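Take a look at the structure set out below.
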Amino acid sequence: MQINFTKMHGIGNDYVYVDGFKQTLLDPHVFSVFISDRHFGIGSDGLVIILPSEIADFKMRMFNADGSEGKMCGNAARCVGKYVYETGYTTKKQISLETLSGIKYLTLTVEDEEVTSVEVDMGKAILNPKEIPIASQLNFFINHPLEIDGIIYGVTGVSMGNPHAVIFCEDIDYLELEKIGPKFEKHPLFPERINTEFVQIINANTLKMRVWERGSGETWACGTGACATAVAAIVNGYCTQGEEITVKLRGGELKITYKEDGRVLMKGSATKVFEGIIEY
Ligand SMILES: N[C@H](CCC[C@H](N)C(=O)O)C(=O)O
């Protein structure tokens, strides 16, 4: 069976995109593991399927490299917006996108018929531990101590439709994420596992971040993680709600605004790298 795909990334968070209007995958969980392998497959952080929707303009399903299905993916949402516009599925520059964490609203910036950047209304940040979920009776989980390998980390829990643990620390470039990342990801405090962000404060409007993603390991960027990071920085008093925050990631920058009404806006690029066909 031949599967046509498009390889795209959002500041280095790369996925294989399959057009669900034209082809159907038998088992996307298994296919995601196969194509994500950077030696025996295409190589990616996972799989994204673009589909019709009955409640929005389009629908997105995303799968991590381990085959688990994610409820939301910020970088992928921007790439889906680029794909559906440049493929001619829509001429609209305001697009609604159905995801497992609700409908998201995209605003495309188009120059010479090419989508150069996308702003996504990511919806409201969730801080109630029970809804993240975090196995805690607390009403908030802000800078809460958690011991990993004898070191106490201050964890702030945020959901952007998917779960995040945000930690503020110095010298993040020297962290051994492949060692500590899985210990956060699979910690019993996080019943659905967790995406973990390690964040350095540069100034009141600039953060620097690395991320260990649930199901994919360290990625070069995480859109939902950048949103969770900005929200955590605000609730911890490092940044100001309503002001635009630049989040610097290994693959590039995202602009995040945590609005006074609780919604989070994320703006950044979306890049098409190549198209291909894979035997499967
Ligand atoms: N690993 C995440 C999904 C991908 C999120 C990230 N790549 C983004 O851009 O938001 C999860 O299982 O919740």
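The table that follows gives values for the structure above.
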item: Relative contact order (percent, whole number), the chain, Cα cutoff 8 Å, 6+ residue spacing; result: 20 percent
item: Helix 223-235 vs. the chain, principal-axis angle (Cα, 0 to 90°, nearest 10); result: 30 degrees
item: Computed over the chain, Cα set: Rg, Dmax in Å; result: 17.9, 54
item: Most fluctuating residue given options ILE42, ILE256, ILE55, as computed from a GNM of the chain linking Cα atoms under 10 Å; result: ILE55
item: Separation of the ASN203 and LEU100 label points, Cα + 7 Å toward Cβ, nm; result: 4.0 nm
item: Total charge dipole magnitude, region 142-254, about the Cα centre, Cβ charges on Lys, Arg, Asp, Glu only, Debye to nearest 20; result: 180 debye
item: Rounded FRET efficiency, nearest 0.05, which uses the C-beta distance separating GLU69 from ASN139 and R0 of 41 Å; result: 0.90
item: Protection-proxy order for peptides 144-153, 78-87, each taking the mean of Cβ atoms within 10 Å per residue, highest first; result: 78-87, 144-153
item: Cα-Cα pairs of region 129-261 separated by more than 21 Å (percent); result: 32 percent
item: Label-point gap, in nm, between THR107 and ASN236 - each point 7 angstrom along Cα→Cβ; result: 2.9 nm
item: Mean Cα-pair separation over length for region 129-261, i.e. relative contact order, pairs under 8 Å, 6 or more apart, %; result: 19 percent
item: Peptides ranked, highest mean first, by Cβ atoms within 10 Å: ranges 107-116, 165-174, 30-39; result: 30-39, 165-174, 107-116
item: Cβ-based charge dipole, the chain, positive-most Cα from VAL110, LEU265, VAL18; result: LEU265
item: Most positive-pole-ward Cα, LEU254, MET60, PHE5, against dipole of the chain from beta carbon charges; result: MET60
item: Protection proxy ranking, peptides 219-225, 135-141, 120-126, average beta carbon neighbours within 10 Å, highest first; result: 219-225, 120-126, 135-141
item: Spatially close lysines, pair count over region 129-261: Cα under 21 Å, gap of eight or more or interchain; result: 7
item: Span from the region 64-113 Cα centroid across to the region 139-193 one, whole angstrom; result: 28 Å
item: Gain upon complete extension [THR87, TYR280; 0.36 nm per residue less C-alpha separation]; result: 67.1 nm
item: Percent carbon-and-sulfur accessible area, the chain, ignoring ligands, DNA and RNA, probe 1.4 Å; result: 50 percent
item: Candidate aspartates and glutamates for bridging to LYS7, where Cα separation is under 12 Å - those fewer than 8 sequence places away on the same chain excluded; result: ASP19, ASP45, GLU275
item: For region 129-261, accessible area per residue (1.4 Å probe, heavy atoms of protein chains only), Å²; result: 41 Å²
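The values are calculated or read from the model by the stated rules, or taken from the named source; none is laboratory data. Please read all numbers here as calculations on a predicted model, not as lab measurements. For neighbour counting, all protein chains shown are included, and Cβ atoms are generated from backbone atoms with ideal geometry for every residue, glycine included. Areas reflect the complete protein model, heavy atoms only, side chains present, ligands, DNA and RNA absent. Shrake-Rupley method; radii C 1.70, N 1.55, O 1.52, S 1.80 Å.
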